[in-house]
C-alpha cells in the first residue's frame, strides 16, 4: 500500500475550520487529514464515520472505486481499512484542494446539469500540492477560462492535490468534452473515469 505522507492545506479560504457544500474541507490548518483511496470497484465502502474515520466522498468507476476519507493520520486510516477488510490499490494523502472559486469562478451546482455525467480525472503533475498559491490560482483561472469557452456542458467541482498529481472531479456531457477542456486549459490527463456518485457528505 503506497501512502504519500503530506499535510493537507486548504484550497478555497472561506473561514477557519469551514467546509464546502460538497464535503471537501476548507480553511487553514485543519486538524484532520484527507486521503484519496483507490479500491476495487466492488469494494464495500461503509458510509459515515467509523473508528474516527469519515467518508467524505465516494465514486464508483468501471475499474476502480475512489473513496475520499478524513482521518487523524495515515496510521488511523490504515487501521480502519484493515478493520473494514478493504485492500487499497493506492492511498494518497491530500495536500490541498483546488476549485473554481480560487480562480474567481463560480462553484459547481448542487446537482449535475441535464445530460451531465460525473468524471474523475487523474493527472500526473509532480509537486502540484506544494505549488505556490499564486500558481494554483493561475491553474484555477485557466480551467475556468476553458469552461467558459466550452459552455454549460462542463463543470469543475474540485480537485484533490498531492505531491504526485491530482484527482479532479468534473461534470460533463461526455469524455470528449473533458479531454477538450484539458487541451484548452493545458492540463495533462493521465486517466478519465466516468463515475457514479455513491455519496457526498
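None of the figures in this text is laboratory data; all of them are computed from the coordinates on show. Predicted model, so just to flag it, every value in this text is computed and none were measured. Glycine gets a Cβ as well: all are built from the backbone with ideal geometry, and neighbour counts include every protein chain shown.
So, by mean Cβ neighbours within 10 angstrom, what's the order for 155-166, 106-117 with the highest one leading?
Details: 155-166: 23.9, 106-117: 13.7.
Packing order, densest peptide first, comes out as 155-166, 106-117.
Would you list 54, 179 from fewest to most Cβ contacts within 10 Å?
Details: 54 19, 179 14.
With the fewest neighbours first, 54, 179 line up as 179, 54.
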